[in-house]
Amino acid sequence: MKLQRISELQHTFSFLSSTEQLAAYRERFFESDLGKIYQAIPWDELVREFGSKPCGKGPGFMFSPRGRIALMVLKHHAGCSDRKLIEQLNSNIDYQFFCDIHLGLQRITNYKIVSQIRCELSRVLEIDALEKVFYTHWKPYIDEAEKAVVDATCYESEVRYPTNQKLLWEAVEWLYKALRRLCRALKVKLPRSKYLKWKKRYIGYSKMRKKTIKKRRSLTRALLRLLEKFLSFEKQLLKVHSVELPKRYYKTMYTIRKVYRQQWNLFTTGEKPKGRIVSIGKDYLRPIVRGKEIKKVEFGAKVNKLQIDGINFIELISFDNFNEGTRLKSSVYKAQGLTRRRLKVLGADAIYATNANRRFVTRHGIKTDFKPKGPKGKHRKQQAQLKGQITKERASRLEGSFGKEKEHYHLKKIKAKTRATEILWIFFGIHTANCLEIGRRMTGQLHQQAA
């Protein structure tokens, strides 16, 4: 009975007949959204810019240079974890077409291959050069290149909300475990520290619904003293014993010492530190104060974005907070560098309307939606209509794209582990959305020509 059922399935799904009917599957693939993204990507130019090698040793070379780039794009289109992405790649022939790989009866079992490729590409990422490649390829499908809108947004990293107590406990916990391993290897007795007692107290504190100022100060003082004891013992231990430790250990220890100094100064003087560290594992993150009602502070990369005819480009990406109002001139130069045309219309938020920026756009004859100063002119009604159209374009199209990318292109929480891979994650998320938009425009033009 089982053999009969298997033969029926083989007859229904003829995967092994006439080169597995790849031509028919490929034709169907180009009709999907993934196929539209595929057609919108300038593969050869991207491979050349990334400098990917076609062959070599290691699991990452299972994919071709084109396939490695495609895997990064596919992750943001699928919007899933690395493990889930590989599981879907094993069973989805459209995904295999997109990644320039044909598995047949084989399966990929190494789920870390995605992060390995991400690390490889992040080391050679040049955003400006790659965006010029994209724009050159997309130029026939972008109208009104002399018009642009700019705004900034924050792409949050996946970190827990970093209170002072959480940060100090993370430092204490990491250092205690590192010292235990080190003392065991050197056969040295670990000094008494009452670590378990403070661990129970911290767990009890974290479960409290209402954390009073008295409780916070008491716990902070105790954690600072405990961290100071561990730091002094670690310094003495390495001074007596000559030990070679990995670079990652020294980097984390440098971060923990900096955390201790910042938190000690904050606790004793109340002065907020500059370059405040909010995560032991991600020492490059800084608090980004946005002033929103729901989220006043965000932790991640702040990106100043430029949009031309609905297509987004990165003008600046930084993990340090910056005033986007100072980026208007560079945004204009970026737009003109991409389009090779003078910018005539620029939409921007009120924060960009500084006196220096007003003088700059007036000198270059650029129309904006800035609120005018001084007495009303003769053509104020026509100017108000133009400014309203520019504001509508910025508020609906550009700010709408922020939400679309975060909700549908895996940019709501950046789950990469390093600064370089987070930047790569954001880059591919933004341009995956762009590729789908351009792919749809390509298909629309073909339909119009056929009609």
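For a quick check: with amide H placed at 1.01 Å from N, whose amide H comes under 5 Å from I414's, ignoring anything fewer than 5 positions away on the same chain?
Answer set, sorted by chain and number: E156, S157, E158.
Taking the Cα centre of the chain as origin, sum charge times position over the Cβ atoms of Lys and Arg (+1) and Asp and Glu (-1), and report the length of that vector in debye to the nearest 20. Kindly include the intermediate steps, with their values, before the conclusion.
Values: 94 positive and 43 negative charges, 792 e Å.
For this selection, approximately 3800 debye.
Where the centre of each part is set by its Cα atoms, how far does segment 179-203 sit from segment 127-170, in angstrom?
For segment 179-203 versus segment 127-170, the Cα centre distance is 43 Å.
Taking the simple approach of a point 7 Å from Cα along Cα-to-Cβ for both H102 and Y333, what is their distance in nm?
Label-label distance for H102 and Y333, simple model: 5.0 nm.
Highest mean first, what order results for 138-145, 185-192, 435-442 on Cβ atoms within 10 Å? Please list the in-between numbers first.
Numbers: 138-145: 14.5, 185-192: 10.5, 435-442: 20.2.
Most protected by this proxy first, the peptides run 435-442, 138-145, 185-192.
If you count only protein heavy atoms with a 1.4 Å probe, what accessible area per residue comes out for the chain, rounded to a whole Å²? Spell out each step's value before the answer.
Values: 26050 Å² over 451 residues.
Value for the chain: 58 Å² per residue.
With a ≥ b ≥ c taken as the square roots of the eigenvalues of the C-alpha gyration tensor of segment 174-307, please select rounded if a/c is under 1.5 and otherwise prolate if a/b is larger than b/c or oblate if it is not?
On the way: a/c = 2.35, a/b = 1.42, b/c = 1.65.
Oblate shape, in that a/c is at least 1.5 and b/c is the bigger or equal ratio.
Please name whichever of G337, F322, A348 sits farthest to the positive end of the charge dipole of segment 299-361, dipole taken about the Cα centre and charges placed at Cβ: Lys and Arg +1, Asp and Glu -1.
G337
Which value at 222 nm does the chain reach when only helices count, each DSSP H run of 4 or more adding -39,500 (n - 2.57), with the total divided by all residues and rounded to the nearest 500 deg cm²/dmol? Numbers along the way, then the final one.
Numbers: 18 runs with 250 residues, N = 451.
My calculation for the chain gives -18000 deg cm²/dmol from helical runs alone.
Just want the answer: with Cβ charges of +1 for Lys and Arg and -1 for Asp and Glu, which residue in V188, T362, L411 is farthest toward the dipole's positive end in the chain?
Looking along the dipole axis, the top candidate is V188.
At 0.36 nm per residue, minus the direct Cα-Cα distance, what do K211 and S91 gain on full extension? Give it in nm, one decimal, please.
Working: separation 120, 0.36 × 120 = 43.20 nm, distance 4.99 nm.
Stretched out fully, the K211 to S91 stretch lengthens by 38.2 nm.
Which of the three applies to segment 135-253, rounded, prolate or oblate, going by the alpha-carbon gyration tensor with a ≥ b ≥ c and a/c under 1.5 meaning rounded? Kindly include the intermediate steps, with their values, before the conclusion.
Numbers: a/c = 4.18, a/b = 1.77, b/c = 2.36.
Judged from the Cα gyration tensor, segment 135-253 comes out oblate (a/c at least 1.5, b/c at or above a/b).
Nothing charged except the Cβ atoms of Lys and Arg (+1) and of Asp and Glu (-1): what's the magnitude of the dipole of segment 255-344 about its Cα centre? Round to the nearest 20 debye. Let's see the in-between values first.
Details: 21 positive and 8 negative charges, 48 e Å.
That gives segment 255-344 a dipole magnitude of about 220 debye.
How far apart, in nanometres, would the label points at D33 and N321 be if each is projected 7 angstrom from Cα along the Cα-to-Cβ direction?
3.5
Please compute the net charge surrounding R257, taking Lys and Arg as +1 and Asp and Glu as -1 over other residues with Cβ under 10 Å from its Cβ. Could the numbers behind the result be given before it?
Working: positive: K235, K258, R261; negative: E234.
Net of charged neighbours comes to +2.
Tell me, what is the FRET efficiency for K189 and V159 to the nearest 0.05, using R0 = 51 angstrom and their Cβ-Cβ distance as r? Could you put the intermediate results ahead of the total?
On the way: r = 35 Å, r/R0 = 0.69.
Efficiency for this residue pair is about 0.90.
Using the structure shown, list the pairs from K132/K295; K207/K282; K166/K404; K207/K296; K235/K413 with a Cα-Cα distance above 29 Å, or answer none. Walk me through the numbers before you get to the answer.
Numbers: K132/K295 34 Å; K207/K282 25 Å; K166/K404 32 Å; K207/K296 24 Å; K235/K413 37 Å.
The pairs that break the limit, which is 29 Å between Cα atoms, are K132/K295; K166/K404; K235/K413.
Too long at a 31 Å Cα-Cα cut-off: which of K112/K177; K274/K387; K177/K272; K147/K415; K197/K274?
Flagged as over cut-off: K274/K387; K147/K415; K197/K274.
Classify segment 229-317 as rounded, prolate or oblate, taking a ≥ b ≥ c as the square roots of the eigenvalues of its Cα gyration tensor: rounded when a/c is under 1.5, otherwise prolate if a/b is larger than b/c and oblate if not. If you can, show how the numbers build up before the last one.
Details: a/c = 4.66, a/b = 1.87, b/c = 2.49.
Oblate shape, in that a/c is at least 1.5 and b/c is the bigger or equal ratio.
Taking the simple approach of a point 7 Å from Cα along Cα-to-Cβ for both R419 and S242, what is their distance in nm?
Here the modelled spin labels are 3.3 nm apart.
Considering only DSSP beta bridges whose two residues both sit in the chain, what percent are antiparallel, to the nearest 5? Could the numbers behind the result be given before it?
On the way: 18 of 24 bridges.
Bridges in the chain that DSSP calls antiparallel: roughly 75 percent.
Would you indicate which of (1) 0.97; (2) 0.99; (3) 1.05 is the value of Rg/Rh (Cα atoms, Kirkwood Rh) derived from the coordinates of this structure?
So the structure-derived entry is (3).
So what is the relative contact order of the chain, in percent, for Cα pairs below 8 Å that sit 6 or more residues apart? Intermediate results must be reported in sequence, preceding the final value.
Numbers: 495 pairs, mean separation 105.0, N = 451.
Dividing the mean separation by the residue count of the chain yields 23 percent.
Tell me, what % of the accessible area of segment 122-269 is carbon and sulfur with a 1.4 angstrom probe?
Working: 4780 of 9320 Å².
Solvent-exposed carbon and sulfur of segment 122-269 make up 51 percent of the total.
Can you order the peptides 419-427, 401-409 by their average number of other Cβ atoms within 10 Å per residue, highest first? Spell out each step's value before the answer.
Working: 419-427: 21.0, 401-409: 17.4.
Highest to lowest by the protection proxy: 419-427, 401-409.
The values are calculated or read from the model by the stated rules, or taken from the named source; none is laboratory data. These numbers were taken from a predicted model, which means no experiment stands behind them. Cβ coordinates were reconstructed from backbone atoms using ideal geometry, including for glycine residues, and neighbour counts include every protein chain displayed. The protein model used for the area step is the full one, side chains on, heavy atoms only, and it has no ligands, DNA or RNA in it. Shrake-Rupley method; radii C 1.70, N 1.55, O 1.52, S 1.80 Å.
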